[in-house]
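Engineer: Here it is, the structure, as structure tokens.
The values are calculated or read from the model by the stated rules, or taken from the named source; none is laboratory data. As the structure is a prediction and not an experimental result, all values here were calculated from the model. With ideal geometry, Cβ positions are generated from the backbone for all residues, glycine too; neighbour counts draw on all protein chains shown. Ligands, DNA and RNA are excluded from the accessible area calculation, which covers all protein heavy atoms including side chains. Shrake-Rupley method; radii C 1.70, N 1.55, O 1.52, S 1.80 Å.
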Amino acid sequence: QWYQRRVRDSKLNLYDHMCAVMHKILENRTSNSVDLLESLSQEVKTNKFCPVGDPSSDVRPASLEVELANVQNKLFEKPSEDAEPEPEDEVEMPLPDLMDTAHYFEQAGLGLGREETFRIFLALKNLVDTHTLQSVRFWGKILGTEKNYIVAEVEYREGGEEEQEGEEEEGEESREEEEGEAKEGEDDNLPTPDYKPPPVIPKEETGTGCNKKTYFVCNEPGTEWTKLPPVTPAQIVCARQIKKFFTGNLEAAVISYPPFPGTEINYLRAQIARISAGTHISPVDYYKFEEDDEDDSDGEGRDSFVENVEFEPPRVQELIDPSLSNWYITCSIFYRKAGAFGSTPLSRPKLRTSRTRRRRRERNQTSRYQSTVRPSSTPSQRTAR
């Protein structure tokens, strides 16, 4: 019945409330029950209120800020004295001075703040201690709707890449076995289509091309680092065609058209590859190819280069030239043209002024008029026809 429907907020219904009020009136038996009807109804509602937890207790649930502070507190703990000292190997520290780099960014009004930068530095230090890395670099921070991503770009030492490739091969074998079992379960009586999909372009090997670097991500400094899988050409092509917000959950589905081949962890890796390929720039002749690097006969670019020791910095006036002719895209993975380094110079697009647009419009109108108005043929031309 309608009087037994529960209200969404209070989860009460009219029938139960009126029964409780009548029970209160019959129990007290006051002479002026009509005058006290409103107050008795309010008293019944108040008595049904149950506070969450014990109101006399001072214990409150920890907030998200407190939980995050407890996690990040481990970053500032000193190693115990009983721990074994690390062997003194002649290996340079793979982690650069992030605070010094952040200082120069701060001079230009950029950065994440000194406190957050220092926490990220400590998180990167933990990443170095748990993996055999040759170089580590703070790639950047990507904002999400629920959580953010802190990205670290690393390179493994000799021997560490073998472990990485072994893990990837095991994952691919398990996926192939699942696909084979799914195909065996299909009915053999069903007709097979004649359509053959185009061949899948294989991904580049680890340490080459778009997979030259390895990337780790975490949501907050102090949380666990997660290694991103290698990127495939199909994921990069699809990532160029869609626009999606990151959620902060690596396992979230990417619902888009065209369909993206993977989850958010693959979409994040594809966008990192695109950003790295388009934003790594350097002055001309700052890098050079190694002497033992042979010329490519197939015309593809080379991405193995070293810092030029004999590089002479150009003047400031040359670096701030609006034509940007003294800068080149360092990461030439997506721009393999001439087979030599520096084949993709930076060039600012030409700005079309109002005068240029007006001249182009007049020229188009003149050509259109000349194409419609043609000279009439002479009598001799008519006779020849």
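Engineer: Cβ contacts < 8 Å: first residue open to solvent by 20 Å² or more (accessible area, probe 1.4 Å), restricted to the stretch 204-221; second residue of a type in the set (Ser, Thr, Tyr), any location; separation 6+ or different chain. Result?
Structural biologist: These pairs meet every condition: THR206/THR214; LYS213/SER276; ASN219/TYR149.
Engineer: Further question on the same structure: What number goes with the only condition from (1) under 38 Å from the mean Cα position of the chain (by Cα); (2) at pLDDT 80 or above; (3) open to solvent by less than 100 Å² (accessible area, probe 1.4 Å) that ALA83 does not pass?
Structural biologist: Single failed check for ALA83: (2).
Matching residues to (1) modelled with pLDDT under 90; (2) open to solvent by less than 20 Å² (accessible area, probe 1.4 Å):
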residue	(1), (2)
GLY109	yes, no
PHE121	no, no
THR130	yes, no
VAL154	no, yes
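Engineer: For residues that are among the polar types (S, T, N, Q) and over 30 Å from GLU77 (Cα atoms), scanning just the stretch 222-268, find the one that is surrounded by the fewest Cβ atoms within 10 Å (Cβ to Cβ).
Structural biologist: GLN241
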